[in-house]
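A.B. asks: Shown below is the structure under consideration.
The values are calculated or read from the model by the stated rules, or taken from the named source; none is laboratory data. Here the structure is a predicted model, which is why all the values come from computation and not from measurement. Cβ placement follows ideal geometry from the backbone for every residue including glycine, while neighbour counts extend to all protein chains displayed. Heavy atoms of the whole protein, side chains included, go into the accessibility calculation; ligands, DNA and RNA do not. Shrake-Rupley method; radii C 1.70, N 1.55, O 1.52, S 1.80 Å.
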Amino acid sequence: RRHRPRPEGAGGGCGSRVGLASSESGGSGFSLAAATLPERRRPGGGRPRYEVVRELGAEEVRWFYREDRKTWKPFIGYDSLRIELAYRALGPAGGPAEPQEGEAAAVEPVCVRSGLYEVDVASAESYPVYWNQTEKIPVMRGQWFIDGTWQPLEEEESNLIEQEHLNRFKGQQLQESFDMEVSKPVDGKEAIHSLKLSRNHVDWHSVDEVYLYSDATTSKIARTVTQKLGFSKASSSGTRLHRGYVEEATLEDKPPQTSHIVFVVHGIGQKMDQGRIIKNTAMMRDTARKIEEKYFSNLATHVEFLPVEWRSKLTLDGDTVDSITPDKVRGLRDMLNSSAMDIMYYTSPLYRDELVKGLQQELNRLYTLFCSRNPEFEEKGGKVSIVSHSLGCVITYDIMTGWNPVRLYEQLLQKEEEELEDRWMSYEEQRLLEELYVTKQRLKEIEERLHGLKASTISKPPVLKFKVENFFCMGSPLAVFLALRGIRPGNSGSQDHILPRTICNRLLNIFHPTDPVAYRLEPLILKHYSNISPVQIHWYNTANPLPYEHMKPSFLNPTKEPTSVPDGESVSTVPSPTTSPVMVRRHYGESITNIGKASILGAASIGKGLGGMLFSRFGRSSTTTPQTLEPGKDGAEGDDKKATTVGTPPLPHSSSGFLEPIVELEHRIDFELREGLVESRYWSAVTSHTAYWSSLDIALFLLTFMYKHDQEDPDKSNLDAI
């Protein structure tokens with residue numbers, strides 16, 4: 001067969017680690033295919049076979065890896081072929097050999113699995129590229145395989161069987177037709193050759209019919225009994241073996257190019273469970289792969305997830321906190337020190353900068369490393385998104401915006417000065433104030449000159465080396481931090497109010513309805529969104545879901561809503577048409593207690609009555625009937641909202657009797673996971689904060705936004721982003 005050249009730039013940043021040209025060097029003995037040997041294929045396709053017994057080609061061998069002591073998993077053909085070439089490069093001329101110490105350094109590691117791991121062929125181990133991992137991942141060269149499962153035999157036994165097979169049958173003709181192999185049973189055939197292993201033995205009934213038998217006492221007894229009953233030795237206790245993998249390894253079987261990388265940032269508790277973010281990211285990556293195969297298989301690119309572990313490298317106070325911790329209930333105290341203490345560290349002016357710098361440096365290190373291994377990523381306009389969890393959302397936000405407490409203090413001082421200027425003061429006070437102002441200006445100029453001289457030693461605001469396309473917050477307390485920093489709702493529906501789009505194109509806040517750590521962001525931009533329910537995230541298996549940009553807002557069910565302004569309330573407190581309407585908001589998640597008091601039908605009837613009150617507040621005419629659930633939404637979503645909504649009156653472009661607010665959000669920010677139908681809300685309040693990583697719903701949600709531009713029709717370019 002003709003040798004296939006390696007596609008340029010394939011393999012997720014593998015570069016040119018193992019050149020395929022070496023496979024054709026003189027006397028190397030491991031060409032990709034024996035061009036002089038005619039080949040045949042099994043009936044119905046499959047791996048090619050050759051007329052005579054010969055050494056296995058590189059494409060017939062398959063390499064495997066094993067994680068967490070589970071079953072062996074095969075590398076894809078592209079990876080396996082390159083590992084095999086590196087393995088054969090270790091051996092002397094004339095064929096494969098065991099790795100030799102003197103030549104081990106000559107072969108560079110082979111990067112595999114979309115460039116996330118490297119394989120050291122000499123030590124038969126694999127290790128991650130972008131993060132640290134204590135346990136090495138063993139790899140194995142498979143030559144002989146078990147029938148049915150296609151799991152490889154252990155390498156030591158496989159090498160012995162292969163050597164014996166070549167010594168006995170090399171150069172012999174194979175069967176004329178594979179039909180004979182299928183139709184002619186092994187029963188009644190005597191073994192033409194046998195090999196004794198340590199705990200097993202192998203019988204060759206023909207060149208293509210090889211069986212493995214256990215030499216354990218119980219297996220021998222079972223074999224004797226079944227043979228006396230008339231069964232053959234092979235059919236009673238033998239395991240059929242196959243030489244060469246079921247699929248040929250080809251360079252075309254390679255991973256797609258990475259067009260989007262996602263940095264996954266952990267929150268608190270990483271010190272308590274080091275390596276947890278690596279496992280969580282692996283779960284998110286695996287679920288994303290399943291979603292990609294199901295919904296985005298037509299795209300030639302894929303999204304890669306990289307864990308960002310920033311906590312373990314920080315020293316902070318050393319062991320001071322541990323030394324002052326009492327011994328009673330030590331386990332509980334240590335758990336709190338390793339988790340909740342991170343929040344206290346971040347609010348401390350002494351350690352806050354260390355946490356920010358640790359995460360910022362790790363993000364830049366990973367991005368630089370990825371680009372160095374994937375030089376075409378930036379050239380082709382690759383995008384970067386960040387998924388942060390819990391406290392990680394706050395630290396990531398502060399890195400992107402450059403926020404620090406000193407700036408807040410300066411703003412407060414400036415506000416005090418403005419208040420002083422507004423009030424009446426004597427001539428002496430005014431003169432002293434002007435003198436103070438001039439002195440401060442002079443001090444500021446001196447400080448700036450000093451900073452210029454010591455620019456190398458002055459810490460500058462953290463800066464990322466990349467533009468963030470999407471910032472996904474999961475179970476985020478960011479809204480609380482922003483509220484405590486003085487952020488208040490405005491009159492603009494732009495995301496720029498809390499995160500400028502010049503810094504990050506899109507901010508999305510994902511949370512489980514019972515997550516006690518998560519808070520909403522939309523009411524910090526426009527106050528009346530506290531009475532508009534978050535967007536419900538689609539179940540991953542929903543047929544034809546409504547696109548998120550077409551989902552219209554729905555009001556939450558306000559409780560104890562007054563139908564009129566109380567007599568004691570000033571008329572000036574009534575919202576004007578130019579401001580966001582102020583409502584007594586329903587505490588979010590209140591249905592936790594309500595669900596036990598009313599059935600679904602009862603809740604629906606309550607909602608109908610409250611709908612009249614809501615309408616009396618917002619309606620233009622008291623004769624109009626409140627709108628019912630929007631027919632465009634799927635039935636499951638409608639049922640889910642019966643207990644928490646009173647219809648879904650559309651805010652934008654409404655033709656109903658509801659008042660259209662003057663200002664609305666440019667893009668929705670708060671997105672809520674759906675609760676399970678049989679889910680205990682009290683129990684989920686405990687578990688929901690860590691339930692995001694393996695959710696297929698979230699995986700589909702993330703990929704929907706990240707693949708949005710790849711799927712958009714050019715004719716629809718005027719549509720808003722999702």
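A.B. asks: Could you order L85, L464 so the one with the most accessible surface comes first? Probe is 1.4 Å.
C.D. replies: The ranking, largest first, comes out as L464, L85.
A.B. asks: If you don't mind, there's one more thing I want to ask. How much solvent-accessible surface does D353 expose, in Å² to the nearest 10, with a 1.4 Å probe and all protein chains in place?
C.D. replies: Around 90 Å² of this residue is reachable by solvent.
A.B. asks: For the stretch 490-504, take each phi angle, set θ = phi - 60°, evaluate the Karplus expression 6.51 cos²θ - 1.76 cosθ + 1.60, and give the result in whole Hz per residue in order, putting x for glycine and proline.
C.D. replies: x, 10, 10, x, 8, 4, 4, 4, 10, 8, x, 6, 5, 8, 9
A.B. asks: Just the accessible area for Y548, please: 1.4 Å probe, Å², rounded to the nearest 10?
C.D. replies: Roughly 20 Å² of Y548 is accessible to a 1.4 Å probe.
A.B. asks: Packing-wise, with mean Cβ within 10 Å as the measure, how do 57-63, 689-695 rank, highest first?
C.D. replies: For the peptides 57-63, 689-695, the packing ranking is 57-63, 689-695.
A.B. asks: Please work out, to two decimal places, the log10 of the ratio I(q)/I(0) at q = 0.13, 0.20, 0.24, 0.26 Å⁻¹ from a Debye calculation in which every Cα of the stretch 275-361 carries one identical scatterer.
C.D. replies: -0.63, -0.98, -1.18, -1.27
A.B. asks: Hey, if you put +1 on the Cβ of every Lys and Arg and -1 on every Asp and Glu Cβ in the stretch 473-540, which of L484, Y529, P513 ends up farthest toward the positive end of that dipole?
C.D. replies: Selected residue: L484.
A.B. asks: Another question, then. Work out from phi, with θ = phi - 60° and the Karplus expression 6.51 cos²θ - 1.76 cosθ + 1.60, the ³J(HN,Hα) of each residue of the stretch 481-486, listed in order in whole Hz, and give x for Gly and Pro.
C.D. replies: Once θ is set to phi - 60°, the couplings for the stretch 481-486 become 4, 5, 5, 6, 8, x Hz.
A.B. asks: Another one. Given the pairs K254/K313; K294/K357; K136/K313; K254/K708, which span a C-alpha to C-alpha distance of over 28 angstrom in this model?
C.D. replies: Over 28 Å Cα-Cα: K254/K313; K294/K357.
A.B. asks: Now for a separate question. Sort T396, T687 by heavy-atom solvent-accessible area, probe 1.4 angstrom, most to least.
C.D. replies: Output order, biggest surface exposure first: T687, T396.
A.B. asks: If you don't mind, another one. Restricting attention to the stretch 316-383, which GluC sites (Glu not before Pro) occupy a DSSP loop and are surrounded by at most 14 other Cβ atoms within 10 Å?
C.D. replies: In loop regions of the stretch 316-383 (DSSP not H, G, I, E or B), there are no sparsely surrounded GluC sites (Glu not before Pro).
A.B. asks: I've got another one for you. From the convex hull of the Cα coordinates of the stretch 510-554, what is the mean projected area in square nanometres?
C.D. replies: So the Cα hull casts an average projection of 4.0 nm².
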